[in-house]
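Each remark here refers to the structure printed beneath this line.
The values are calculated or read from the model by the stated rules, or taken from the named source; none is laboratory data. Remember, it's a predicted structure, so these values are computed and weren't measured experimentally. Glycine gets a Cβ as well: all are built from the backbone with ideal geometry, and neighbour counts include every protein chain shown. Remember, those area values only see protein heavy atoms, side chains included, never the ligands or the DNA or RNA. Shrake-Rupley method; radii C 1.70, N 1.55, O 1.52, S 1.80 Å.
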Amino acid sequence: MPKVCTILSRKGAAVWSVRPEASVLDAARLMNRHQVGALLVLDGRRLVGIFTERDVLRRIVAERLDAAATPVGRVMTRDPVTCHPETELDAARDTFMRRRVRHLPVVGDDGELAGMISIGDLNAFDLTGQELKIAALEEVIYGTA
């Protein structure tokens, strides 16, 4: 069974992050610039939260807060759901569905951040696997050209 580390090995461990004192406006601009739906909130190297598009809608827009004056640490999701590099992809998929999240920070045994996966990363991985199966089946059915 494939594991989260398989996706990270293809995608890489780099993540976009902000500090808790960064403004929501700066965080939203960073998300837009890099076309990502979430930023990890780090205090040094320690994961303290996650800031997502959903946080912007629920905690900034709906509450009519000033994005330029509101620090991310005030509106981030604290204690985000995480997974381990050795988590099987079926378990990660279950976490995405059961916990209704779209991003999972990946944390190793030592508490160090190993990366982040999204439901999109998991879907892309599944699609690639399905494409390979289809190609193999076509070769069996039609033979090599």
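Looking at R45, is it surrounded by fewer than 17 Cβ atoms within 10 Å (Cβ to Cβ), modelled with pLDDT under 95, out of contact with any His (no Cβ under 9 Å at 6 or more places or on another chain) and not aliphatic (A, V, I, L, M)?
Numbers: surrounded by fewer than 17 Cβ atoms within 10 Å (Cβ to Cβ): yes; modelled with pLDDT under 95: yes; out of contact with any His (no Cβ under 9 Å at 6 or more places or on another chain): yes; not aliphatic (A, V, I, L, M): yes.
When the stated conditions are applied, R45 passes them.
Is at least one residue of segment 18-37 farther than 26 Å from I7 by Cβ and of a type in the set (S, T, Y)? Taking every residue of segment 18-37 in turn, at least one turns out to be farther than 26 Å from I7 by Cβ and of a type in the set (S, T, Y). Do we have E139 as modelled with pLDDT of 85 or more and either surrounded by fewer than 18 Cβ atoms within 10 Å (Cβ to Cβ) or among the β-branched types (V, I, T) (or both) here? In short, no.
Looking at this structure, is L25 over 28 Å from D110 (Cα atoms) and in contact (Cβ under 8 Å) with a residue 40 or more places away in the chain? Spell out the reasoning first.
Working: over 28 Å from D110 (Cα atoms): yes; in contact (Cβ under 8 Å) with a residue 40 or more places away in the chain: yes.
Against the criterion (over 28 Å from D110 (Cα atoms) and in contact (Cβ under 8 Å) with a residue 40 or more places away in the chain), L25 qualifies.
Does R58 satisfy the criteria of being part of a helix (DSSP H, G or I) and at pLDDT below 95? If you could, list the steps in order and put the result at the bottom.
Working: part of a helix (DSSP H, G or I): yes; at pLDDT below 95: no.
No.
Sub-9 Å Cβ pairs linking a first residue in segment 109-128 that is within 27 Å of L42 (Cα to Cα) to a second residue that is of a type in the set (G, A, S) and open to solvent by 40 Å² or more (accessible area, probe 1.4 Å), at least 6 apart or interchain, are L113/A13; L113/S17; A114/A13; G115/A13; G115/A14; M116/A13, ordered by first then second residue. Of the listed requirements (1) open to solvent by 20 Å² or more (accessible area, probe 1.4 Å); (2) assigned to a helix (DSSP H, G or I); (3) among the charged types (D, E, K, R), D109 misses just one: (2). Residues that are within 14 Å of the chain's Cα centre (by Cα) and surrounded by 19 or more Cβ atoms within 10 Å (Cβ to Cβ) occur at least once in segment 68-80. Condition check for L104 on (1) open to solvent by less than 20 Å² (accessible area, probe 1.4 Å); (2) modelled with pLDDT under 95: one failure, at (2).
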